[in-house]
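Just below is one structure, and these are the notes that go with it.
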Amino acid sequence: MNKENINKVKENIKLFLKAAFDIEDKSKVLIRKEAMDELDNFMLLCYGDLLGLPIPISYYTLEILPYIADDLEGWERRILNRKSVVNDRWGDFCC
């Protein structure tokens, strides 16, 4: 094998290992962000009345309040800091 082919093989192995082990942890960051967005949406459906949104089912969601009470303060800060939920969600997929 000549030197050019060896360099191509090395480059292909580097690319494979980079994708296989996700050295830069980009996928972990995206998964965490998606999980937080899903949690935010769930909390908004359950406790939107804390933000002033009239949601009639909030009476029934009080049963799960003890399980997620620790997350309420952070959730409220994240939601109130957003300019628009739609723009934040679709901004990831746009140019």
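Counting only lysines at least 8 places from residue 14 when in the same chain, those with an alpha carbon closer than 23 Å to its own are 3, 26, 28.
Ignoring solvent entirely, what values of log10 I(q)/I(0) come out of the Debye formula for region 24-91 at 0.13, 0.14, 0.21, 0.29 Å⁻¹ when each Cα is a single scatterer? Values returned for q = 0.13, 0.14, 0.21, 0.29 Å⁻¹ are -0.41, -0.48, -0.95, -1.39. Spin-label pair residue 76-residue 10: with each label point 7 Å from Cα along the Cα-Cβ axis, the two points sit 5.8 nm from one another. A protection proxy built from the mean count of other Cβ atoms within 10 Å ranks the segments 44-52, 74-82, most packed first, as 44-52, 74-82.
Sum up the charges of everything whose Cβ sits under 11 Å from the Cβ of residue 50, counting Lys and Arg as +1 and Asp and Glu as -1, but leave residue 50 out. It would help to have the intermediate numbers written out before the result.
Values: positive: none; negative: 49, 73, 76.
Net of charged neighbours comes to -3.
With both labels modelled 7 Å from their Cα along Cα-to-Cβ, the residue 19 to residue 36 distance reads 2.9 nm.
Taken together, the values in this text are just the output of simple stated rules run on the coordinates, not laboratory data. Here the structure is a predicted model, which is why all the values come from computation and not from measurement. Neighbour counts run over all protein chains shown; Cβ positions are idealised from the backbone, glycine included.
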